[in-house]
Each structure stands twice: as C-alpha cells, then as structure tokens.
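Scroll down for the structure; my scribbles are underneath it.
Read-outs throughout are calculated quantities, based only on the coordinates presented, and are distinct from any laboratory measurement. Values in this document were obtained by computation on a predicted structure and should not be read as measured data. All Cβ positions, even for glycine, are placed from backbone atoms using ideal geometry, and neighbour counts span all protein chains on display.
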Amino acid sequence: KRKADQKRREATFVPGDWVLVHRKFFESERLPSERKAKLSHIWYGPFEIDKKVGEVSNELMFPAGVRKYPVVHVSYMKAYPVSPEDPPPRVLLPRFEEAEWEVDRVVDMRGKGRTLDYHVVWKGYSETEATWEPPENLKNAKDAIKAFKELRRLR
C-alpha cells in the first residue's frame, strides 16, 4: 500500500476548475482512424467541472455532441490553468463515431469462419488509414464485400 500511495496524487479539483481529460476516457467512442494511439492527442479539453461526485470523481460540463457519461474519475483528469483575463478556452474533442461510415472498398481478408476480418478502405480516407473490421461492422457494405470476393476469385 505504501508503494502504491507514492504514485497516487491527491484529487484537488473543485467545481469551477478547468481540466483536461485523458484519451483513454474516450477510447470506445473514437473513430477508427483515431484509434491509433501514437497519432492521436493524449489530452482533450479543457472542460469545466460542474460538481463533485463522490470522493474521486467529478461531473464535467461536456459540449453538445459528446455522447459520454460526464462523470470522470480523477485518474483521467489533469489540471488546466486558466487566468481570469483569458478568453474562454477552445475545447479540443476527439471526433466521435457517426451513425455509420461509408466503405470505399475492401482490399484484403484474414482469418477463417468466425474470426474473419476484412481490410476496409473508408470513403474519404487514404489506404494507409484502412482498418481491419469484423463482418458485423460491415452489415451495410455487402456490395463492397461481394465485389472484393469476385475480384479475388478472378485472380
């Protein structure tokens, strides 16, 4: 316990403070192209603390369009210094998943049976940003999958 306590920091946030939120908090909501942690922002925000919830969590004021529950544990937060004469800070947010992505084309396939994945190039993105997706994520891309299978059969 003593060793673990050495790495912990005291939660000194009060309502009205501004904080940055770590990318891990938004992990499940980000776009496929932003899931590459090396290339994405580490901290998002700043967000204002609305109220304290329990000992180690705070409710933040997220802008409209953020579809995450606004209660954040202090381990995901970092203080953002704001002086009274500064204008309100511009909020940096991850790009959240839209209702659906449009598939440009399928370029490869891996696995067998239930572990099948397709390498998908998304419309409006380069081939370097292609992602491996399971078939259940591509329910409305049956034409692209069919075209890929026909092209593969011709080789």
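Around I49, with a cut-off of 14 angstrom between Cβ atoms, what is the net charge of the other residues, counting Lys and Arg +1 and Asp and Glu -1? Summing Lys and Arg as +1 and Asp and Glu as -1 gives -1. Annotation: lysines with alpha-carbon distance below 24 angstrom to K51 (same-chain offsets under eight excluded): K24, K68, K78. All C-alpha to C-alpha distances of the range 103-154, sorted into 10 Å bins beginning at zero, yield P(r) values of 27, 59, 15 percent in whole numbers. The simple Förster model, with R0 at 22 Å and r as the Cβ-Cβ distance, assigns L116 and E27 a FRET efficiency of 0.35. Placing a pseudo-label 7 Å from each Cα along the Cα-to-Cβ vector at E10 and E136 gives an inter-label distance of 4.7 nm.
For K146 and Y125, what is the calculated FRET efficiency with R₀ set at 25 Å and r taken between the beta-carbons, to the nearest 0.05? Provide the component values of the computation, followed by the final result.
On the way: r = 21 Å, r/R0 = 0.86.
Computed FRET efficiency for K146 and Y125: 0.70.
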